[in-house]
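The values are calculated or read from the model by the stated rules, or taken from the named source; none is laboratory data. Nothing here was measured: the structure is a model prediction, and the numbers come from that model. Backbone-built Cβ (ideal geometry, glycine too); neighbour counts: all protein chains shown. Side chains included, ligands, DNA and RNA excluded: accessible areas come from the protein's heavy atoms. Shrake-Rupley method; radii C 1.70, N 1.55, O 1.52, S 1.80 Å.
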Amino acid sequence: MAQLAILGGERAVQTPPRDSFHWPIITEEDEAEVLDVLRRGAMSDTDITKRFEREFAEWQGVEYALGFCNGTASIHAAMYGCGVGVGDEVICPAITYWASALPCFSLGATVAFADIDPVTLCLDPNDLEHRITNRTKAIVVVHYLGHPADMDEIMAVARKHGVKVIEDVSHAQGGLYKGRRLGTIGDVGAMSMMTGKSFAIGEAGMLVTNSRAIYERALTLGHYERYTADLETEALRPFAGLPVGGYKYRMHQMSSAMGRVQLKYYDARCTEIRRAMNYFWDILEGVPGIRAHRVAADSGSDMAGWYAAHGLYLPEELGGLSLTRFTEAVRAEGAACSPGVNMALHQHPLLQTCDVYGHGKPTRIANSERDVRRVDSSLSVSERINYRAYYVPWFKKFYPEIIEEQANAYRKVCENYQSLLAEDRGDPVLMGRAGTTTRG
Ligand SMILES: *Cc1c(COP(=O)(O)O)cnc(C)c1O
């Protein structure tokens, strides 16, 4: 039996990771395009952004792409584009970054959470239909940590009830579901492109859709200078010139300039990421206590840029070892490993008691006919998942020896778990991150 590093043994990881984790990859080409924007003083123009949008739409195979200052704004506009308004409900998985759900509040709507599937970590299609009411306007689907959601089943339920589907592609830009680009399967896709994401260009967001009506409505919320009287949607024409939402959502051109360069290399870079991550998990296949969070090799789906790669944890195979103790031990071996994913959103006080806008009651129910908080009680997978998932090394480069060493750190801990049980103090009562999903 090997001595674990946390108990005084030698660390499994000895080799420096070189640039395995460095992201985004910036070359002189990115620098030149950004400098050009700076020197022209074109930061607030839209010429580059419009070119980026056209190229992005073509890459996605979609009619319309609209750039935003961040992903949160693009989701806000996607909701508005789908007609979400006062008193409406949006269904969203309880496990996601807050921006998948919270923008609905400023539209006067509320969020009804649905549970996630414990293997995909995405919206569970079997926990969806019973949550639809006559006030449900949209379902937000998140391709969580790069894993495509079960779009066929979700779309079938949505179509049956005439509910729109918004794909939050912030974790999975460029990914495939059964051969189709994520973001193009629902009614509208919206995504973040901030620095920590797979498609990383500073602070930016993108909305994609094949629906002219959704595109035009989304545009009116915060793109005042592009809101002109020649819109096809007649009802929107009288208000041209001002952003109906009172927001300003234009993308900064240093981001769109970088985006045009990143787009050229993005698919190839993601292919290398997937090769590296699949290699990591192939090495660990069959090791007790841990499972890959990934799609089957022959499914026609993929893990996109494998955003903030995570693994699944099965403490019952390791004598009940807590995730906290497990992750401490792996970190001591020199590999990245931290417990949990995003915290379950319904467990945060903002979704329970906070009166954001002075309605005299919690914002969550300010405009609703029913108290949607009551159905939060049936989100058991979401409430458990933070004890059963952990951040793993998110390799950007295929360096076999480095990947093997890091995988061996995991294997070593799993195979020697018994030596950790004695000093296991268990997991804290609440786990999960309120803010970012990435933590190395
Ligand atoms: C990052 C993120 C967003 C928000 O994007 P920003 O660019 O940070 O505003 C939305 N949804 C998910 C799932 C995210 O991870």
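Return yes or no: is Val157 without any contact (Cβ under 8 Å) to a residue 60 or more places away in the chain and assigned to a strand (DSSP E or B)? Give the steps one after another, and end with the answer.
Values: without any contact (Cβ under 8 Å) to a residue 60 or more places away in the chain: yes; assigned to a strand (DSSP E or B): no.
Answer is no for this residue.
Looking at this structure, is Ser377 in a helix (DSSP H, G or I), farther than 22 Å from Glu317 by Cα and hydroxyl-bearing (Ser, Thr, Tyr)?
Details: in a helix (DSSP H, G or I): yes; farther than 22 Å from Glu317 by Cα: yes; hydroxyl-bearing (Ser, Thr, Tyr): yes.
For Ser377, the condition - in a helix (DSSP H, G or I), farther than 22 Å from Glu317 by Cα and hydroxyl-bearing (Ser, Thr, Tyr) - is met.
Out of all the residues in the stretch 333-356, which are open to solvent by 30 Å² or more (accessible area, probe 1.4 Å) and touching a residue at least 40 places away in the same chain (Cβ under 8 Å)? Lay out the reasoning, then the answer.
As a first pass, look at the stretch 333-356 and keep what is open to solvent by 30 Å² or more (accessible area, probe 1.4 Å): 339, 347-350, 352-356.
Listed by number, the residues that qualify are Pro339, Gln347, His348, Leu350, Val356.
Please verify whether Phe239 is farther than 20 Å from Pro103 by Cα, of a type in the set (Phe, Trp, Tyr) and open to solvent by 40 Å² or more (accessible area, probe 1.4 Å), treating the condition exactly as stated. Explain how you work it out, then say what you get.
Values: farther than 20 Å from Pro103 by Cα: yes; of a type in the set (Phe, Trp, Tyr): yes; open to solvent by 40 Å² or more (accessible area, probe 1.4 Å): yes.
Yes: the conditions hold for Phe239.
So, Ala292, is that one without any contact (Cβ under 8 Å) to a residue 24 or more places away in the chain, under 22 Å from Gly340 (Cα atoms) and of a type outside the set (D, E, K, R) or not?
Numbers: without any contact (Cβ under 8 Å) to a residue 24 or more places away in the chain: yes; under 22 Å from Gly340 (Cα atoms): yes; of a type outside the set (D, E, K, R): yes.
Spelling it out, Ala292 is indeed without any contact (Cβ under 8 Å) to a residue 24 or more places away in the chain, under 22 Å from Gly340 (Cα atoms) and of a type outside the set (D, E, K, R).
Name every residue in the stretch 174-211 that is touching a Gly at 6+ places or on another chain (Cβ under 9 Å), more than 10 Å from the ligand (Cβ to nearest atom), of a type in the set (A, V, I, L, M) and open to solvent by 10 Å² or more (accessible area, probe 1.4 Å), in order of residue number.
Matches in the stretch 174-211: Leu176 only.
Got at least one residue in the stretch 12-23 being among the aliphatic types (A, V, I, L, M) and touching a helix residue (DSSP H, G or I) at 6+ places or on another chain (Cβ under 7 Å)?
So in the stretch 12-23, the residues among the aliphatic types (A, V, I, L, M) come out as 12-13.
Filter once more, keeping what is touching a helix residue (DSSP H, G or I) at 6+ places or on another chain (Cβ under 7 Å): 12-13.
Yes, some residue in the stretch 12-23 is among the aliphatic types (A, V, I, L, M) and touching a helix residue (DSSP H, G or I) at 6+ places or on another chain (Cβ under 7 Å).
Filter the stretch 55-83 down to the residues that are part of a helix (DSSP H, G or I), within 15 Å of the ligand (Cβ to nearest atom) and open to solvent by 20 Å² or more (accessible area, probe 1.4 Å) and list them by number.
Thr72
Which numbered condition trips up Ala109, out of (1) under 29 Å from Trp59 (Cα atoms); (2) of a type in the set (Gly, Ala, Ser); (3) touching a residue at least 24 places away in the same chain (Cβ under 8 Å); (4) out of contact with any Leu (no Cβ under 9 Å at 6 or more places or on another chain)?
(1)
Hey, does the stretch 181-198 have a residue that's free of Cβ contacts under 8 Å to residues at least 40 places away in the same chain, of a type outside the set (S, T, N, Q) and not in a helix (DSSP H, G or I)? Break it down stepwise before answering.
Start the filter on the stretch 181-198 by keeping residues that are free of Cβ contacts under 8 Å to residues at least 40 places away in the same chain, which leaves 185.
Now drop any that are not of a type outside the set (S, T, N, Q), which leaves 185.
Next, from what is left, pick out any that are not in a helix (DSSP H, G or I): 185.
Looking for residues that are free of Cβ contacts under 8 Å to residues at least 40 places away in the same chain, of a type outside the set (S, T, N, Q) and not in a helix (DSSP H, G or I), one finds at least one in the stretch 181-198, hence yes.
Select from the stretch 102-139 the residues that are of a type in the set (Val, Ile, Thr) and assigned to a loop (DSSP other than H, G, I, E, B) and write down the one among them that is farthest from His293 (Cα to Cα).
Taking the stretch 102-139 first, the residues of a type in the set (Val, Ile, Thr) are 110-111, 116, 119-120, 132-133, 136, 139.
Narrowing further to those that are assigned to a loop (DSSP other than H, G, I, E, B): 119-120, 132-133.
Details: Val119: 7, Thr120: 7, Ile132: 28, Thr133: 32 Å.
Result: Thr133.
Would you call Gly320 under 23 Å from Arg11 (Cα atoms), open to solvent by 40 Å² or more (accessible area, probe 1.4 Å) and assigned to a loop (DSSP other than H, G, I, E, B)? Reasoning before the result, please.
On the way: under 23 Å from Arg11 (Cα atoms): no; open to solvent by 40 Å² or more (accessible area, probe 1.4 Å): yes; assigned to a loop (DSSP other than H, G, I, E, B): yes.
Taking the combined requirement at face value, the residue does not satisfy it.
From the list Ile95, Ile48, which one is within 16 Å of the ligand (Cβ to nearest atom) and either open to solvent by less than 40 Å² (accessible area, probe 1.4 Å) or closer than 30 Å to Gly358 by Cβ (or both)?
Values: Ile48 fails: within 16 Å of the ligand (Cβ to nearest atom).
Within the list Ile95, Ile48, the selection yields Ile95.
Does Asp127 satisfy being away from the ligand (no atom under 12 Å from the Cβ) and at pLDDT 95 or above?
Values: away from the ligand (no atom under 12 Å from the Cβ): yes; at pLDDT 95 or above: yes.
Considered against the rule, which asks whether it is away from the ligand (no atom under 12 Å from the Cβ) and at pLDDT 95 or above, Asp127 comes out as yes.
Got a sec? Which of Arg433, Arg374, Arg411 is within 16 Å of the ligand (Cβ to nearest atom) and basic (Lys, Arg)? Please lay out each step first, then the result.
Details: Arg374 fails: within 16 Å of the ligand (Cβ to nearest atom); Arg411 fails: within 16 Å of the ligand (Cβ to nearest atom).
After applying the criteria, what remains is Arg433.
Can you find a residue that is on the phi < 0 side of the Ramachandran plot, of a type in the set (Lys, Arg) and out of contact with any Leu (no Cβ under 9 Å at 6 or more places or on another chain) anywhere in the stretch 317-338?
Scanning the stretch 317-338, I find at least one residue that is on the phi < 0 side of the Ramachandran plot, of a type in the set (Lys, Arg) and out of contact with any Leu (no Cβ under 9 Å at 6 or more places or on another chain), so the answer is yes.
Please determine, by comparing only the residues of the stretch 14-41 that are assigned to a helix (DSSP H, G or I) and of a type in the set (A, V, I, L, M, F, W, C), which one is nearest to Thr195 (Cα to Cα).
Applying the first criterion (assigned to a helix (DSSP H, G or I)) to the stretch 14-41 yields 28-40.
Then keep just the ones that are of a type in the set (A, V, I, L, M, F, W, C); that gives 32, 34-35, 37-38.
Values: Ala32: 19, Val34: 15, Leu35: 18, Val37: 19, Leu38: 19 Å.
Within the stretch 14-41, the match that is nearest to Thr195 (Cα to Cα) is Val34.
Which of the numbered conditions does Arg39 fail, given that it passes all the others? Conditions: (1) in contact (Cβ under 8 Å) with a residue 60 or more places away in the chain; (2) more than 22 Å from Ala329 (Cα to Cα); (3) open to solvent by 60 Å² or more (accessible area, probe 1.4 Å); (4) not small (Gly, Ala, Ser).
For Arg39, the failing item is (1).
Can you list residue pairs whose Cβ atoms sit under 7 Å apart, with the first residue in the stretch 259-287 being farther than 22 Å from Phe199 by Cβ and the second being open to solvent by 30 Å² or more (accessible area, probe 1.4 Å) and assigned to a helix (DSSP H, G or I)? Count only pairs 6 or more apart in sequence or on different chains.
Tyr279/Pro400; Ile283/Glu404; Leu284/Arg411; Val287/Arg411
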